[in-house]
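The values are calculated or read from the model by the stated rules, or taken from the named source; none is laboratory data. Model, not experiment: these values are computed from the prediction. FYI the Cβ positions are ideal-geometry reconstructions off the backbone, even for glycines, and counts take in every protein chain you see. The area values use the complete protein model at the heavy-atom level, side chains included, leaving out ligands, DNA and RNA. Shrake-Rupley method; radii C 1.70, N 1.55, O 1.52, S 1.80 Å.
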Amino acid sequence: MVMIQDRIDVSADKLTSLQTLFREHYLPAAQQRGMRLLESRVSPPLLLANGKATLWQRWEVADIGAWWAMRGQAGVAGIASFWQTVDGLCDFRERVYLSGEGDSLDSGQDIDTHQVTTRGYRETAQLELKDNLSDEDKAALVDSLNKAQNLAGLEAFSLSENMAPEYAAGHYTFDLLFKDSQAALAARETNVWREQIAPALARYCASCHAVTLDTIGAGLRASTLTNAIKRTAFFRVLPEVDSSVAHRFEQDLLEMPAQIPQILNWRLSRAIALDWNTNEEAWTYVWEQEFESLDDLLGPYMTHPHHWAHIDRWFDPESGVQAIDVNLSHAFSALNESLMAREAQG
């Protein structure tokens, strides 16, 4: 059972309106989403001279699967509109998740020895295909992109089809590791890029979400990892979020490998749009992880409380602390050998 606690601070003269709003406009839909209201209480249990009150509401959801199903509906227009109305009434709100009775609390692993410094100059792209491409068209694109392996100054290459493109910004994940930025610029001037790669991108791709990476933190547990899974997530910070909040988000992400040992290798980076990027909305972060298997990504990673109870609040319009746009890219694809091992310095 997943326990959810809402805290909403409000002036006493708006308390009744807030309670009515929840009862009439939130509760019916919440029940349909699998949420059961356990109790709704007010503190303190009297009206103070300063006119302040706190509404506490406790909910439960059957299990982690039901929780993800509930969360999957949190970004729809009706729910977003509801919370905007709540924000107009309240002074502060926050949704948190509670441990169960008797639950043991895990502090995670020490990952200091796995921290690495990255070297080289890496670019990553999500390639969104045009509609109605034939199998021959896709094969032609892949053939053209594979020619990138012949670029001078290239130290590592990966091109893989995303397994669930409906959750990603593209159908393919395309990674290039160059010796340095000058090598990348020189590669763009070669005949291979100008006459084969660039025309193929223009012909077959509706959009190229192409960025270079400025590392915030990285780690390596499995330097010899092969036949693995790479997850590439693109995030966009909301416009009103200040740098201190963004820093807290970064630190929470970088704690994930300590809490979730199935994340074998990882890199969190600031995203900088490349000259061959065609996506209009800029991305802020790229968060990459390498897993031994798809089961590790879809199982322990998705069900660990550090993910759903702690990290996810940054993305959740219902949490009261949302800092990241709900329109993100969650791409995962096969990986022949560890990219992060190739770019680890030392």
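Taking segment 79-91 as the region of interest, how many residues are within 16 Å of residue 316 (Cβ to Cβ) and in contact (Cβ under 8 Å) with a residue 60 or more places away in the chain?
As a first pass, look at segment 79-91 and keep what is within 16 Å of residue 316 (Cβ to Cβ): 79-84, 86-87.
Subset that is in contact (Cβ under 8 Å) with a residue 60 or more places away in the chain: 79-80, 82-83, 86.
Total satisfying the criteria: 5.
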Open item on the list: Being in contact (Cβ under 8 Å) with a residue 12 or more places away in the chain and hydrophobic (A, V, I, L, M, F, W, C): is that true of residue 49 here?
Closed with: no
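So that you can scan it fast, the table gives a plain yes or no per residue for (1) more than 25 Å from residue 106 (Cβ to Cβ); (2) out of contact with any helix residue (DSSP H, G or I) (no Cβ under 8 Å at 6 or more places or on another chain); (3) polar (S, T, N, Q):
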{"position": "223", "(1), (2), (3)": "yes, no, yes"}
{"position": "232", "(1), (2), (3)": "yes, yes, yes"}
{"position": "235", "(1), (2), (3)": "yes, yes, no"}
{"position": "244", "(1), (2), (3)": "yes, yes, yes"}
{"position": "255", "(1), (2), (3)": "no, no, no"}
{"position": "265", "(1), (2), (3)": "no, no, yes"}
{"position": "291", "(1), (2), (3)": "no, no, no"}
{"position": "314", "(1), (2), (3)": "no, no, no"}
{"position": "325", "(1), (2), (3)": "yes, yes, no"}
Open item on the list: If I ask for residues that are in a helix (DSSP H, G or I), over 17 Å from residue 210 (Cα atoms) and touching a residue at least 24 places away in the same chain (Cβ under 8 Å), which ones from segment 131-142 would you list?
Closed with: 137, 138, 140
Task: Near pairs, Cβ below 6 angstrom, 6+ apart or cross-chain, from segment 92-117 (of a type in the set (Asp, Glu)) to any residue that is in a loop (DSSP other than H, G, I, E, B) - done: 94/320
TODO: For segment 321-337, indicate whether the set of residues that are touching a residue at least 12 places away in the same chain (Cβ under 8 Å), among the hydroxyl-bearing types (Ser, Thr, Tyr) and under 22 Å from residue 259 (Cβ atoms) is non-empty.
DONE: no
Task: Restricting segment 288-324 to residues that are touching a Leu at 6+ places or on another chain (Cβ under 8 Å) and open to solvent by 30 Å² or more (accessible area, probe 1.4 Å), the residue that is farthest from residue 3 (Cα to Cα) - done: 292
- [ ] Being outside any helix (DSSP H, G or I), within 30 Å of residue 82 (Cβ to Cβ) and among the polar types (S, T, N, Q) is the filter here, so list the residues in segment 294-346 that pass it.
- [x] 319, 322, 327, 329
Open item on the list: I'm checking my understanding of the structure. Among residues of segment 253-266 that are closer than 14 Å to residue 310 by Cα and touching a Phe, Trp or Tyr at 6+ places or on another chain (Cβ under 7 Å), which one is surrounded by the fewest Cβ atoms within 10 Å (Cβ to Cβ)?
Closed with: 253
Task: Residue among 269, 244 that alone is of a type in the set (Ser, Thr, Tyr) and buried (at least 20 other Cβ atoms within 10 Å of the Cβ) - done: 269
Task: Tabulated pairs, segment 29-43, first without any contact (Cβ under 8 Å) to a residue 40 or more places away in the chain and open to solvent by less than 60 Å² (accessible area, probe 1.4 Å), second of a type in the set (A, V, I, L, M, F, W, C) and part of a loop (DSSP other than H, G, I, E, B), C-beta under 9 angstrom, 6+ apart or interchain - done: 34/62
TODO: Identify, by number, the condition in (1) at pLDDT 95 or above; (2) touching a Ser or Thr at 6+ places or on another chain (Cβ under 6 Å) that residue 51 doesn't meet.
DONE: (1)
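Condition check ((1) of a type in the set (Gly, Ala, Ser); (2) touching a Ser or Thr at 6+ places or on another chain (Cβ under 9 Å)) across all residues:
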position	(1), (2)
174	no, yes
188	no, no
196	no, yes
233	yes, yes
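Going by the conditions given, is residue 148 assigned to a strand (DSSP E or B) and under 29 Å from residue 337 (Cα atoms)?
Criteria not met by residue 148.
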- [ ] Would you point out which residue out of 41, 36, 23, 95 is among the basic types (Lys, Arg) and under 17 Å from residue 322 (Cα atoms)?
- [x] 95
